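Derivation of every value follows stated rules applied to the coordinates shown; laboratory data play no part. What you are looking at is a predicted structure, and each value in this text was computed from that prediction instead of being measured. Backbone-built Cβ (ideal geometry, glycine too); neighbour counts: all protein chains shown.
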Number of protein chains: 2
Amino acid sequence: MNAIIITIGDEILSGATVDTNAAYIAKDLLAIGVDVTKRCSVGDNTEDIEREINAGLAAFDLVITTGGLGPTEDDITKGVICRVFETQLIEYGEVLAALKVRYQQLGISMSEMARGMAKQPEGATLLANPLGTAPGILFDREGTVFCAMAGVPSEMRALMDQALIPYLEKRGSHRVILFRNISTFGIPESKLATMLKESGYTPDGVRMAFLPSYAGVTLRLRGDGLDRSEVEKTLEKNFEEICEVVKKHIFSTEEESLLDKVTTLLKEKKVTLSTAESCTGGLIAKMLTDIAGSSDYFVQGAVTYSNEAKMARLGVKSETLQKYGAVSEQTCREMAEGMRRTSETDFALASTGIAGPGGGTAEKPVGLVYLAVADHNGATVKRCSFSGDRYVIRTRSAYTVLNLLRLKLLEM
Amino acid sequence: MNAIIITIGDEILSGATVDTNAAYIAKDLLAIGVDVTKRCSVGDNTEDIEREINAGLAAFDLVITTGGLGPTEDDITKGVICRVFETQLIEYGEVLAALKVRYQQLGISMSEMARGMAKQPEGATLLANPLGTAPGILFDREGTVFCAMAGVPSEMRALMDQALIPYLEKRGSHRVILFRNISTFGIPESKLATMLKESGYTPDGVRMAFLPSYAGVTLRLRGDGLDRSEVEKTLEKNFEEICEVVKKHIFSTEEESLLDKVTTLLKEKKVTLSTAESCTGGLIAKMLTDIAGSSDYFVQGAVTYSNEAKMARLGVKSETLQKYGAVSEQTCREMAEGMRRTSETDFALASTGIAGPGGGTAEKPVGLVYLAVADHNGATVKRCSFSGDRYVIRTRSAYTVLNLLRLKLLEM
């Protein structure tokens, strides 16, 4: 089964909104063996939407659209769907009833415009939207499935996971598409590729992609076929050859991020953690607490931007700041050790550096960052020179210190 | 001039990577009057890429691709470009020289694979890549411009801003496309639409889009034409009518986010700020310090996840925590006031709540969040019930407390 995703909205074409929906949908579909082979975006324009939907229905087994189902006048997808499937909007009693309950719970009155959400194309299968008012609109005709979903990411995700995926799974008959991930940190993409080449490895019956990000480079193997155990065997063979070559750079061979890996280790080892951040300004604490259940290991963080805060909160010595400066190995060490001591945690992380764009000097240029992990033996400090803008420097700093922590946790 | 953006990469189709490039490119192009009317993504597959590029060249004035220009074997765009423009790869002396300098600076030796980056299509105009090794590849033939850029976002952005946009501007003859933004906070999209409808306003000669996000709803007006002053006049008329109706919800009519607005106010009023976060776990500090120059106003932050940290760091009273709980108006107030006192800042923000998915009770469900702003008069606390997942609850909390701060700053 092959699929096209059509995302609808002027705001996507104009760049005012980044389209995160298509990536989410593609991932979900791949997991059940449906291959997205094309993706496109069109504006809020009846002709463009109609043309893309019709072209999709002619060439693909599954056509998914997101966006344009809301109550306002720039939301025109429902009208186009009626034209494509030669039907009309009718008011659905059960949708209206659900709307009424929802507005009652919110304690606000339902406007005429909001009531319009009960009007949906006649003959469609409506998929209940657990997080919003626009149901999914599904037509399954002549072997082709069409589904329109709301553009709000949280609503689209709920519709995908709770309605469309179960529907497609029940419908059955997909190819087997499987992946294996090999995630590395601290080595550039071209170096990984060279290592593999020099080892004599070439992909055999699989496709290999290098996925670089600030959180490392993931080698992604994709196997494809009709027989699951065959696909698994081929994948495994390639996987093992690659692992043999790059093993010392691997942090995970599961579908997990560096952050996932670190938080799993923190839980396994039953240790506690605190953070003392200067240049990363709360980013490390934010990332750690993005994960549900982080209160098991994360105790507290300090964002000490000023020298005064570094001294008062973390006990960094005035002489250290004067002699070496705020961006120095010594200050970073005292930050981490001070945080660990005052928060009484097993580990503490610290960052201090120049994230830019201003503040750099010849001696301490933008991108110079010190990162530390403190444990009962004191702190290990790493000096880094990152290139890139403020966002990149902060993000790289956060991942690099998380990787330092990972290595420490593995030593335990 | 109309444009199509083609993003290339299996990782984009499979959803492993979110395509942020297309949005960036579209925004940049609109600013010089080039309209992106279609966008699509294809995998690392020679036939698919060639078909989309050829279809693009036939129907659009400008065809932009990103991705597939790297050194590894899944990077096949250069080969396709050679086929499309009937040319071949040759080694460019000046590109090789630049590569050598780059590797020397990095202090690593240049592999054969890396050297391959000096091979580029003969006859192309090469655009220097200030941040990476893959130059932009431009062909300008028979009135149609083709440009291929690297897929790494920072490199693509530098190529756009420093090379392609200047090239297109010099080439000239674009339509005038202008926007006006009206950004609101704290009012849902459908309510805004109803208010406008009931006021009798309808868009006149402009297109209006509602752009909802957790940072508010932006009304975006787009005017389009050949004469700049005509377009400006039409936009202004619509803009003023809308502002009149929704004015009390507006936080900005510039192209600025709520965060931008708050940081601008902090600088204007010359005040200092600190943060005490529980459920947002560093997110507020992270957002504030995302902005370059934040050390002018941001002094320090505390992420006090545990009750002990709330007491030790912020001076929250043990009785308060026992009597009302960590998620309560009283605790939130003491957090904000304690932070402001100990950090000696003009303002302090605080958050405490249940971000979920676990930890909710009937009395204090997931999504219950208290947010506070403290100033010399004490703290103002707001009780919120957010729906959504952990990410949504934390994000809404952060923006809501920033909006509270904005309102306080405007009172000064």
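Just to compare against my own numbers: the Cα pair-distance distribution for the stretch B:192-319, 5 Å bins, whole % per bin, please.
It works out to 2, 9, 14, 14, 12, 12, 10, 10, 7, 4, 3, 2, 1, 0, in whole percents.
Under 12 Å from the Cβ of A:LEU407, count the other residues' Cβ atoms, weight Lys and Arg +1, Asp and Glu -1, and hand me the total.
Summing Lys and Arg as +1 and Asp and Glu as -1 gives +3.
Set the bar at 31 Å for Cα to Cα. Now go through A:LYS310/B:LYS317; A:LYS119/B:LYS233; A:LYS197/A:LYS269; A:LYS233/B:LYS119; A:LYS267/A:LYS364 and name every pair that lies beyond it. Numbers along the way, then the final one.
Working: A:LYS310/B:LYS317 25 Å; A:LYS119/B:LYS233 37 Å; A:LYS197/A:LYS269 37 Å; A:LYS233/B:LYS119 38 Å; A:LYS267/A:LYS364 37 Å.
Violating the 31 Å Cα-Cα cut-off are A:LYS119/B:LYS233; A:LYS197/A:LYS269; A:LYS233/B:LYS119; A:LYS267/A:LYS364.
What are the semi-axes of the equivalent ellipsoid for the stretch A:368-412, taken as the square roots of 5 times the Cα gyration tensor eigenvalues, largest first, in whole Å? Please list the in-between numbers first.
Working: eigenvalues 100, 23, 8 Å².
Largest first, the stretch A:368-412 gives 22, 11, 6 Å.
Would you look at the GNM of chain A, springs on alpha carbons closer than 10 Å, and say which of A:GLY70, A:GLY15, A:GLY301 moves the most?
Maximum fluctuation in the GNM of chain A, among the listed residues, is at A:GLY15.
Set the Förster radius R0 to 60 Å, insert the Cβ-Cβ distance between B:VAL176 and B:ILE108 as r into 1/(1 + (r/R0)^6), and round the FRET efficiency to 0.05. Spell out each step's value before the answer.
Values: r = 48 Å, r/R0 = 0.80.
The calculated FRET efficiency here is 0.80.
Taking the Cα centre of chain A as origin, sum charge times position over the Cβ atoms of Lys and Arg (+1) and Asp and Glu (-1), and report the length of that vector in debye to the nearest 20.
Values: 46 positive and 54 negative charges, 324 e Å.
Charge dipole of chain A: 1560 debye, to the nearest 20.
Quick one: which residues, 5 or more positions from B:LYS38 or on another chain, have an amide H under 5 Å from its amide H? H modelled 1.01 Å from N in the peptide plane, none for Pro or chain starts.
Here B:ALA3, B:ILE5 satisfy the definition.
In sequence order, what are the phi-derived ³J(HN,Hα) couplings for the stretch A:257-267 according to the Karplus relation 6.51 cos²θ - 1.76 cosθ + 1.60 with θ = phi - 60°, rounded to whole Hz, with x for glycine and proline?
Karplus values, whole Hz, x for Gly and Pro: 7, 4, 4, 4, 4, 5, 5, 4, 5, 4, 5.
Any idea what the alpha-carbon Rg over 2.2 N^0.38 Å comes to for chain A?
Working: Rg = 26.2 Å, N = 412, 2.2 N^0.38 = 21.7 Å.
Normalised Rg, Cα atoms only: 1.21.
Taking every DSSP beta bridge that has both residues in the stretch A:2-171, what percent is antiparallel when rounded to the nearest 5?
Values: 11 of 28 bridges.
Percent antiparallel among DSSP bridges in the stretch A:2-171 is about 40.
Viscosity 1.002 mPa s, temperature 20 °C: give me the Stokes-Einstein translational D for the stretch B:183-252 in µm²/s, with Rh taken as the Kirkwood radius over C-alpha pairs. Can you show the working numbers first?
Numbers: Rh = 12.5 Å.
After rounding, the answer is 171 µm²/s.
Positive end of the charge dipole of the stretch A:258-411 (Lys, Arg +1 and Asp, Glu -1 on Cβ, about the Cα centre): tell me which of A:VAL373, A:LEU407, A:CYS384 has its Cα farthest that way.
A:CYS384
Provide the three semi-axes, in whole Å and in decreasing order, of the ellipsoid equivalent to the protein assembly as shown as defined by the square roots of 5 times the Cα gyration tensor eigenvalues. Could the numbers behind the result be given before it?
Details: eigenvalues 322, 263, 156 Å².
With the √(5λ) rule applied to the protein assembly as shown, the semi-axes are 40, 36, 28 Å.
In 10 Å bins starting at 0, how do the alpha-carbon pair distances of the stretch A:299-350 split up by percent?
29, 59, 13, 0
What are the ³J(HN,Hα) values, in whole Hz, obtained from phi via the Karplus relation 6.51 cos²θ - 1.76 cosθ + 1.60 with θ = phi - 60°, for each residue of the stretch A:326-343 in sequence order, with x given for Gly and Pro?
Going residue by residue, I get 5, 9, 7, 4, 5, 5, 4, 4, 5, 5, 5, 5, x, 5, 4, 5, 6, 9 Hz, with x marking Gly and Pro.
With +1 on each Lys and Arg Cβ and -1 on each Asp and Glu Cβ, and nothing else charged, work out how big the dipole of the protein assembly as shown is about its Cα centre, in Debye to the nearest 20.
Values: 92 positive and 108 negative charges, 533 e Å.
Dipole of the protein assembly as shown, to the nearest 20 debye: 2560 debye.
Just to confirm the filter: which GluC sites (Glu not before Pro) across the stretch A:94-183 are DSSP coil and have at most 11 other Cβ within 10 angstrom of their Cβ? If you can, show how the numbers build up before the last one.
Working: sites: A:GLU94, A:GLU112, A:GLU122, A:GLU142, A:GLU155, A:GLU169; in loops: A:GLU122, A:GLU142.
Of the GluC sites (Glu not before Pro), the ones in loops of the stretch A:94-183 whose Cβ has at most 11 other Cβ atoms within 10 Å are A:GLU142.
Restricting to the protein assembly as shown, compute how many DSSP beta bridges are antiparallel as a %, nearest 5.
65
With +1 on the Cβ of every Lys and Arg and -1 on the Cβ of every Asp and Glu, and nothing else charged, how large is the dipole of the stretch A:258-411 about its Cα centre, in debye rounded to the nearest 20?
In total the dipole reaches around 160 debye.
Long-range amide H contacts for A:VAL366: which residues qualify at under 5 Å (H placed 1.01 Å from N, peptide plane, sequence gap of 5 or more or a different chain)?
When sequence neighbours closer than 5 places are left aside, the close amide H contacts are A:GLY360, A:THR361.
I'd like the distance separating the alpha-carbon centroids of the stretch A:27-92 and the stretch B:74-91, in whole Å.
34
Using amide H atoms built in the peptide plane, which far-off residues or other-chain residues are under 5 Å from B:THR275 H to H?
Excluding prolines and chain starts, which carry no amide H, the hits are B:GLN300, B:GLY301, B:ALA302, B:LEU349.
Measure of size requested: the Rg and Dmax of the stretch A:258-411, with Cα atoms as the atom set and Å as the unit; please supply both.
Over the stretch A:258-411's Cα set, Rg and Dmax evaluate to 14.3, 44 Å.
In chain B, which Cys residues have no partner Cys with a Cβ closer than 4.7 Å?
Lone cysteines by the Cβ rule: B:CYS82, B:CYS147, B:CYS243, B:CYS279, B:CYS332, B:CYS384.
Report, in deg cm²/dmol and to the nearest 500, the calculated mean residue ellipticity at 222 nm for chain A, where each DSSP H run with n ≥ 4 adds -39500 (n - 2.57) and the sum is divided by the residue count. Each step should come with its number before you reach the end.
Working: 16 runs with 170 residues, N = 412.
For chain A, the value works out to -12500 deg cm²/dmol.
Calculate log10 I(q)/I(0) of the stretch B:1-92 for q = 0.10, 0.13, 0.16, 0.17 Å⁻¹, where I(q) comes from the Debye formula with a single equal point scatterer on each Cα and nothing for solvent.
Those come out to -0.26, -0.44, -0.67, -0.75, one per q.
State the three equivalent ellipsoid semi-axes of the stretch B:70-210, derived from the C-alpha gyration tensor as the square roots of 5 times its eigenvalues, in descending order and whole Å.
Working: eigenvalues 387, 79, 37 Å².
Semi-axes from the Cα gyration tensor: 44, 20, 14 Å.
Give me the Å³ per residue figure for the convex hull around the C-alpha atoms of the stretch A:47-92. Mind showing how you got there, number by number?
Working: hull volume 4.3 nm³, N = 46.
Dividing the Cα hull volume of the stretch A:47-92 by its residue count gives 92 Å³.
Would you kindly derive the ³J(HN,Hα) couplings of the stretch A:297-305 from the backbone phi angles with the Karplus curve 6.51 cos²θ - 1.76 cosθ + 1.60 (θ = phi - 60°), listing them in order in whole Hz, with x for Gly and Pro?
Each residue of the stretch A:297-305 in turn: 10, 8, 9, 6, x, 10, 10, 10, 7 Hz.
Could you check what % of the DSSP bridge pairs in the stretch B:258-411 are antiparallel, to the nearest 5?
Working: 14 of 24 bridges.
If we restrict to bridges inside the stretch B:258-411, about 60 percent are antiparallel.
Take the stretch B:111-167, drop everything but the C-alpha atoms, weight them equally and run the Debye formula without solvent; then report log10 I(q)/I(0) at 0.14, 0.20, 0.30, 0.31 Å⁻¹ to two decimals.
Each listed q maps to, in turn, -0.38, -0.73, -1.26, -1.30.
Would you mind giving the average projected area, over all directions, of the Cα convex hull of the stretch B:334-412 in nm² with one decimal?
On the way: hull surface 21.6 nm².
Reported value for the Cα convex hull: 5.4 nm².
For the stretch A:2-171, restrict the atom set to alpha-carbon positions and state the Rg and Dmax in Å.
Cα only, the stretch A:2-171: 15.2, 46 Å (Rg, Dmax).
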